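Each reported figure results from applying straightforward, stated rules to the coordinates on display, with no laboratory input. What you are looking at is a predicted structure, and each value in this text was computed from that prediction instead of being measured. Positions of Cβ are generated from backbone atoms using ideal geometry, with glycine treated the same way; all protein chains shown enter the neighbour counts.
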Amino acid sequence: MKNKPKAYESIYTPFESIVLFGTIIVFMLLVLIPFVTLISGSLSNSDAITDYGVRLWPRKFTLDAYRVVFMYPEEMLISYGVSILVTVVGTIINVLLCSMVAFALSRSYFRYRKAITVYLMFTVMFNAGFIPQYILYRNYLMLYDTYWVLILSPAVMVGHIIMLRAFYSALPEELYESVRLEGANQFVVFSKIATPLILPGIATITFYSVLTYWNDPSTAMLYTEDIVPVALYLTRITNYIEFLKYAQENGFAGLDMSDYKIPEATVVYAIALATTAPMLCLFAAFQRYFVRGLTSGSVKG
Amino acid sequence: METLTEKAVQSDAAEFPAALPVQTKKKRNGVQKSEDRQLLLLCLPALIKVFLFSYLPLIGLVMAFQFYIPRRGLFGSTWMGFANFDYLLKSSIASRLITNAIAINLLGIVFGTVFSLLLGLFLFEITNKLFLKISQTVIIFPYFVSWPLVGVLVSAFLGEDTGMLTSVLHSMFGVDVDFYAQPKYWWGIITIANVWKTAGLSAVVYYAILTGTDKSTYEAAAIDGAGRFKQMWYLSLPALKMMIILNIIMSSANILKVDFNMVYFVSNNAAALYPKTDVIETYMFRALRTEGDYSIGTATGLVQGVVGLVLTIITNKVCQKVSHESLY
């Protein structure tokens, strides 16, 4: 990357340029088209798309779907609140705990290094599965339907520890040795010396962590009832609409729902976009760190 | 960006610390002990969390050998021996779950590797900075969206009336396909969604590894008249070979583990599609949340866990042989 391109490098034969640029552009289009479809769907008239289907360009442009979404924004705002709370607190805990462990494991003179590594790796290789976890959280740890289960359950991600350990190990050993001679406390070495030097690594892991918490619907599906994060809000709405459709067609509990106007696919598209927007902004801002962390983590995994 | 080789050299250096300055043995032991204690304290919160959330649930695995009734609890339920496992193997459930998991994973490994390699190798040949930046940003973007959103995207294409693909098939070819009622398409659809979401990111990783390799061999090859695609085949691909092999070996350890969110949300949990989309994770989820069949669900999970553990140990040995270094 830092090497300057040599003159011959930027000369392409027509065949080469078609294959190289063509393939990449095609893949880019494949990535972008679904999003364009979604945006166009959310801006279309819902009757028109039921009759003719979604296209890349909105059919009978309208903002109705967004009007429906933002007419009663309370539930979605609550979901946003839940997700922000869980993501912020969870990320702080995860990054703090992971960096503490990673620092300790990066010290070659640490006696329990091997034992703790095995202890952590085992949980990756073998776990009890949803059901024993569910029973434990619900009956014994009293975490069912609490914010804590969403915050704590994903925390201490082993992949993050391995990546951070690589960052700590990459610091020059002389640095540690000199402060060790002065008899510095390991907590001080961790918090005042080592961690400030690997801030790019911390940033990467923070970003990873935010991504994991924000895009995690399954923890909430398994262990909460009334707490609905944004990732799951979308699913709840979709299921609700499907239920209404079913009830309208087949009748439900003797209710006549034939007059009721069900929010259509367009509303689902609008909600899908509204719940993805924050991730989009984060992506734009922190994309660099993400890629950097990936490549450094792959060296010493 | 720091190159990978530099990083590797640095971390190698970290493994061999400079000799400790001369100290009396006794003093060093004392220092060592207090250092160990402090470092252990740093680990403690994480160790406790892992114990509570990952080790304690292991006790619950006894449910696999019981007829578990929530009211009676773990210690009051009737013991069944291996009856739950017998049931799983004799019914068609086990073979369905395992076939689907292996199919979805194998397709994912093959197509994921091919597409990400192709893109990574091609990106490496691009010298236009702006194009490089834009294309990287675009292709890794899907990695950042959630699986529920991918599920909505899939439905925007395949939905009954509204879907783009279904409506095009209907209006142009007069074919009506109800995708959400036809299991046969779904290994393919899940694989497409899988590759769509992850291939871009792997491609960028491959690209980043290539930028860390020695450029001079490429210059020599170019002077000798090797074309771009020859260089790709003889220089770039071998540079990635080890990474690809390790990736494939490691994924094969997880051959029975499928991303729950991927399968659940892409197939929209449609019951009609279970013959091709039901995997161990989704089956356990239903056993827990809809059927309340805790013992069978736990037994399924236990089979998956044991197979996974054995495969991980084997693949780690293989990886050691292949790369002469342990993965962990």
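Note down the net charge around A:Ile237, summing +1 for each Lys or Arg and -1 for each Asp or Glu among other residues with Cβ under 13 Å from its Cβ.
Values: positive: A:Arg236, A:Lys245; negative: A:Glu75, A:Glu242, A:Glu264.
Overall, the nearby charge balance is -1.
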* To do: Mind computing the radius of gyration and Dmax over the alpha-carbon atoms of the stretch B:91-323? Å is fine for both.
  => 21.1, 69
* **Long-range HN-HN contacts of B:Gln66 with modeled amide H, under 5 Å** => B:Met80
* **Share of alpha-carbon pairs per 10 Å distance bin for the stretch A:57-178, given as whole %** => 11, 26, 26, 17, 13, 6, 2, 0
* Relative contact order for the stretch B:245-328 using alpha-carbon pairs under 8 Å, separation at least 6, rounded to a whole percent? -> 35
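With contacts defined as alpha carbon pairs under 8 Å and 6 or more residues apart, what's the relative contact order of the stretch B:91-323 in percent? Intermediate results must be reported in sequence, preceding the final value.
Numbers: 244 pairs, mean separation 70.9, N = 233.
Dividing the mean separation by the residue count of the stretch B:91-323 yields 30 percent.
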* To do: Would you work out which of A:Tyr140, B:Ile189, B:Tyr234 lies farthest towards the positive end of the dipole of the protein assembly as shown? Charges go on Cβ: Lys and Arg +1, Asp and Glu -1.
  => B:Tyr234
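Step through the table entries B:Lys133/B:Lys321; B:Lys184/B:Lys317; B:Lys230/B:Lys257; B:Lys184/B:Lys257; B:Lys184/B:Lys241; B:Lys241/B:Lys321, compare each Cα-Cα distance with 26 Å, and write down the pairs that go over it.
Values: B:Lys133/B:Lys321 38 Å; B:Lys184/B:Lys317 37 Å; B:Lys230/B:Lys257 38 Å; B:Lys184/B:Lys257 21 Å; B:Lys184/B:Lys241 34 Å; B:Lys241/B:Lys321 15 Å.
Checking Cα-Cα distances, B:Lys133/B:Lys321; B:Lys184/B:Lys317; B:Lys230/B:Lys257; B:Lys184/B:Lys241 exceed 26 Å.
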* Structure fact -> Using alpha carbon centers only, the stretch A:154-214 is separated from the stretch A:10-85 by a whole-angstrom value of 39
* Asked: How many nm separate the modelled label positions at A:Ile84 and A:Leu63, each set 7 Å beyond the Cα in the direction of the Cβ?
  -> 2.3
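So what's the back-of-envelope 222 nm ellipticity for chain A, counting only DSSP H runs of four-plus at -39500 (n - 2.57) apiece and dividing by all residues, rounded to 500?
-22000 deg cm²/dmol, from helical runs alone.
Please compute the contact order of chain A in relative form: average sequence separation of alpha-carbon pairs under 8 Å and at least six residues apart, divided by the residue count, as a percent.
On the way: 258 pairs, mean separation 78.5, N = 301.
Relative contact order comes out at 26 percent.
Considering every residue in A:90-103, what mean count of other chain Cβ atoms within 10 Å of its Cβ is obtained?
Details: counts 0, 0, 0, 3, 2, 0, 2, 9, 1, 2, 7, 8, 3, 3.
Per residue, the average neighbour count from other chains is 3.
Shape call for chain A from the C-alpha gyration tensor, a ≥ b ≥ c root eigenvalues: rounded (a/c under 1.5), prolate (a/b greater than b/c) or oblate? Don't skip to the end; give the middle numbers.
Details: a/c = 2.83, a/b = 1.42, b/c = 1.99.
Oblate is the answer for chain A, as a/c is 1.5 or above yet b/c matches or exceeds a/b.
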* Structure fact -> Note, the stretch A:45-53: 3J(HN,Hα) by Karplus (6.51, -1.76, 1.60, θ = phi - 60°), whole Hz, Gly/Pro = x, goes 6, 5, 5, 4, 7, 5, 7, 10, x
* Structure fact -> Once phi for every residue in the stretch A:104-112 is put through the Karplus expression 6.51 cos²θ - 1.76 cosθ + 1.60 (θ = phi - 60°), the whole-Hz ³J(HN,Hα) values, with Gly and Pro written as x, are 4, 6, 7, 7, 5, 8, 6, 5, 9
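Quick check on the protein assembly as shown: take the gyration tensor over C-alpha atoms, sort the square-rooted eigenvalues as a ≥ b ≥ c, and tell me if it's rounded (a/c under 1.5), prolate or oblate.
It is oblate, given that a/c is not under 1.5 and a/b is not larger than b/c.
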* Burial ordering of A:Arg165, B:Arg228, B:Arg72, fewest other beta-carbon atoms within 10 Å first -> B:Arg72, B:Arg228, A:Arg165
* To do: Provide B:Glu125, B:Glu160, A:Glu174 in ascending order of the number of other Cβ atoms located within 10 Å of each residue's Cβ, fewest first.
  => A:Glu174, B:Glu160, B:Glu125
* Asked: Quick one: net charge of B:Tyr143's neighbours, Cβ under 13 Å, K/R +1, D/E -1?
  -> 0
* Backbone HN-Hα couplings from phi across the stretch A:60-71 [Karplus 6.51/-1.76/1.60, Hz, Gly and Pro as x] -> 6, 3, 7, 9, 3, 4, 5, 4, 4, 4, 8, 6
* Structure fact -> Neighbour-count ranking for B:Cys319, A:Cys281 (other C-beta within 10 angstrom, fewest to most) reads A:Cys281, B:Cys319
* So what is the 222 nm mean residue ellipticity for chain B from helices alone, if each DSSP H run of at least 4 adds -39500 (n - 2.57) and you divide by all residues, rounding to the nearest 500 deg cm²/dmol? -> -21500 deg cm²/dmol
* Asked: How about the stretch B:240-328: which GluC sites (Glu not before Pro) there are in a DSSP loop, with at most 15 other Cβ atoms within 10 Å of their Cβ?
  -> B:Glu325
